[in-house]
1. Name the residues in region 1-14 that are surrounded by fewer than 22 Cβ atoms within 10 Å (Cβ to Cβ) and touching a strand residue (DSSP E or B) at 6+ places or on another chain (Cβ under 8 Å), would you?
2. Can you give me the number of residues within region 79-132 that are touching a residue at least 24 places away in the same chain (Cβ under 8 Å) and either within 20 Å of VAL166 (Cα to Cα) or not in a loop (DSSP other than H, G, I, E, B) (or both)?
3. Among the residues of region 142-175, write down those that are small (Gly, Ala, Ser) and either closer than 18 Å to LEU48 by Cα or modelled with pLDDT of 95 or more (or both).
4. Looking only at residues in region 133-162 that are in a loop (DSSP other than H, G, I, E, B) and of a type in the set (Lys, Arg), which one is farthest from SER87 (Cα to Cα)?
5. Could you list all residues from region 21-40 that are surrounded by 13 or more Cβ atoms within 10 Å (Cβ to Cβ), of a type in the set (A, V, I, L, M, F, W, C) and without any contact (Cβ under 8 Å) to a residue 60 or more places away in the chain?
Amino acid sequence: MTRGMRHFNVVVLGAGGVGKSALTVRFVQDVFLETYDPTIEEAYRRILDVDGVKASLEVLDTAGAEQFTALKEFYIKSGQGFVLVFSLTQEASLREVNNLRQQIYRVKGGDITVPIVVVGTKLDLVAEREVSRSTIQSLVARWGIPFYETSAKRNWHISDVFQGLVKQMLTRHPDDPSSKKPTRFRKPCTVM
């Protein structure tokens, strides 16, 4: 039996060029972006059925560039679930995931029940891999966060990422969705 529609804001964060947009677009539109075009911000919607619950996700694909730090903090405040992305072919991008994780907990007031998943992209590029599975498993075990290895190009484990995150959000936010109006990501006003 399907219960009422739930609405969630999901924020996709990670260093530049790690595959955030490829992951997001593969999930929402089921296509692979062949070329890299740096993102400032893109919002997508998709409805997902998870364990008989319909969830409407507003997925925000964010910039990886450091110049958008103020926007990133705003989106963390608005987000209910987070996809922290790094490239399995760039060991340095894994350090950014830890920085983002710490920033999320700081912005959310140290709440350790924030729904977060860690995603290693570019699983299909086996010869270029720099981050071992054991390194990642050790980190996520210490953090208590689920981890997925994906390939947007091959469509490997993409839906698993968002299904897992929705399950966390349903646990974290079990209240009745009909009593609340869904919030949307809105850019902060800037007075010049």
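1. First, the residues of region 1-14 that are surrounded by fewer than 22 Cβ atoms within 10 Å (Cβ to Cβ): 1-5, 7, 9.
Residues satisfying the conditions are THR2, ARG3, GLY4, MET5, HIS7, ASN9.
2. 33
3. SER151, ALA152, SER159, GLY164
4. Looking at the filtered set, the residue picked out is ARG154.
5. Of region 21-40, the ones surrounded by 13 or more Cβ atoms within 10 Å (Cβ to Cβ) are 21-28, 32-33, 39.
Now restrict to residues that are of a type in the set (A, V, I, L, M, F, W, C): 22-23, 25, 27-28, 32-33.
Hit for region 21-40 is VAL28, nothing else.
The values are calculated or read from the model by the stated rules, or taken from the named source; none is laboratory data. As the structure is a prediction and not an experimental result, all values here were calculated from the model. Heads up, the Cβs are rebuilt from the backbone with ideal geometry, glycines too, and the neighbour counts pull from every protein chain shown.
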